[in-house]
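What follows is a single structure, written as structure tokens, with notes after it.
The values are calculated or read from the model by the stated rules, or taken from the named source; none is laboratory data. Keep in mind that this is a model prediction, so the values were computed, not measured. Note that we place each Cβ from the backbone using ideal geometry, even for glycine, and neighbour counts take in every protein chain shown.
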Amino acid sequence: MASELFQMISVLLIVFSFPALSHGWGTDGHYIVCQIAQERLNDAAADTVNELLPDYAKNNLSSLCSWADRVKFIYTWSSELHYIDVPDDSCSYNYSRDCKDSNGVQGRCASGAITNYTTQLLSYRNSSDNRQYNLTQALLFLAHIMGDIHQPLHVGHTSDKGGNTIDVHWYTTNTVLHHVWDSSIIDTTEADFYSSDVTGYVDDLNQNITGKWSNQTSKWQGCSRNAIACPDIYASESISAACEWAYKDVTNGSELGDKYFNSRLPVVDLRLAQAGVRLAEILNRIFG
């Protein structure tokens, strides 16, 4: 009875949290990641994901992929699970050094969260164990944070809070560098190439996954020691991309336009695709 009540409360939180603002990849970025993943689930994983989703979201994991952002003000403990702070003088990730919260608690970061929620979802295989976890929440946190950890500035430098304190001009709009990578590049892509329709963007990314990137996907999905997920790899890729692309040639007050957009869009495309493919593979390993 207690677990059923907890599940009901969680569903209510999902429903009533939609008006809140979102962070991380913007709403469309998280939608894209989860839509790519949804279409790559095997039958067993798709059935189990559907079982865990609330009734109004059946067959539509992507509709809830921004949920974890919208409950940050309810689950205040979850805020630090969406990112990783790396020292300003580093362009590499180290779990023991970087994966901790503001109080120094180890494992409280995006990579630690992925490991934690993967472990929780594995308990689904044992019906006597899964009652101790809310597996709907575990699924939604995992799906969302898999998107976050692939956004380069979610594994960013500590002093600028992943670009959140770097003021820039995105064409004629005043914003911060972090928001450029969360939303602006994606929004501009949709406006310029897809009549502001996210579904066309998803279709093109899926075509690239089965086309020009097809010889890379097995490497994306690979994990050392047959692990279910490899969040340290994802984090290492992100801080490398942050240094090479996000931060490069950007200072406070920079004007970012076509040159920045055209050179950085391929990085955003790749990270969205990798996140979706890897999320599907993780869920297939857990439930398949």
| query | Any idea which of (1) at pLDDT 95 or above; (2) hydroxyl-bearing (Ser, Thr, Tyr); (3) touching a Phe, Trp or Tyr at 6+ places or on another chain (Cβ under 8 Å) is the one Ser17 doesn't satisfy? | reply | (1)
| note | Out of (1) of a type in the set (Val, Ile, Thr); (2) over 16 Å from Gly276 (Cβ atoms); (3) in a helix (DSSP H, G or I), the one Thr199 does not meet is (2)
| When you go through Ser96, Ser123, Ser79, Ser90 one by one, which is the residue that is at pLDDT below 95 and of a type in the set (S, T, N, Q)? | Ser123
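Being β-branched (Val, Ile, Thr) and within 14 Å of the chain's Cα centre (by Cα) is the filter; apply it to the range 238-284 and report the residue that is nearest to Phe141 (Cα to Cα). So that I can check it myself, show each step before the final result.
Let us first name the residues in the range 238-284 that are β-branched (Val, Ile, Thr), namely 239, 250-251, 267-268, 277, 282.
From what's left, within 14 Å of the chain's Cα centre (by Cα): 268, 277, 282.
Values: Val268: 21, Val277: 17, Ile282: 13 Å.
Among those residues, the one meeting the criterion is Ile282.
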| task | Just give me the residues in the range 202-228 being without any contact (Cβ under 8 Å) to a residue 12 or more places away in the chain and not in a helix (DSSP H, G or I), in sequence order. | result | Gly211, Lys212, Ser214, Asn215, Gln216, Gly222, Cys223, Ala227
| request: For Val168, indicate whether it is crowded, with 18+ Cβ neighbours inside 10 Å, touching a strand residue (DSSP E or B) at 6+ places or on another chain (Cβ under 8 Å), in contact (Cβ under 8 Å) with a residue 60 or more places away in the chain and under 26 Å from Ser63 (Cβ atoms). | output: no
| said: Just to be sure I understand the filter: pairs with C-beta atoms under 9 Å, separated by 6 or more residues or on different chains, first member in the range 255-281 and within 20 Å of Gln221 (Cβ to Cβ), second member outside any helix (DSSP H, G or I) and among the small types (Gly, Ala, Ser). Which pairs pass? | reply: Arg278/Ala229; Glu281/Ala229
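Checking the condition part of a helix (DSSP H, G or I), among the polar types (S, T, N, Q) and in contact with a strand residue (DSSP E or B) (Cβ under 9 Å, 6 or more places away or on another chain), which residue from Ser92, Ser111 passes?
On the way: Ser92 fails: part of a helix (DSSP H, G or I).
Selected residue: Ser111, the only one of Ser92, Ser111 that is part of a helix (DSSP H, G or I), among the polar types (S, T, N, Q) and in contact with a strand residue (DSSP E or B) (Cβ under 9 Å, 6 or more places away or on another chain).
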| query | How many residues are of a type in the set (Gly, Ala, Ser) and surrounded by fewer than 19 Cβ atoms within 10 Å (Cβ to Cβ) when one looks only at the range 238-257? | reply | 4
| query | Can you name the residue in the range 191-237 that is over 19 Å from Ala280 (Cα atoms) and buried (at least 18 other Cβ atoms within 10 Å of the Cβ) and, of all such residues, is nearest to the chain's Cα centre (by Cα)? | reply | Ser236
| said: Yes or no: the range 229-247 includes at least one residue that is outside any helix (DSSP H, G or I), under 17 Å from Gly112 (Cβ atoms), at pLDDT 95 or above and aliphatic (A, V, I, L, M). | reply: yes
| message | Looking at (1) closer than 18 Å to Leu279 by Cα; (2) over 20 Å from the mean Cα position of the chain (by Cα), which one does Gln151 not meet, given that it meets all the others? | response | (2)
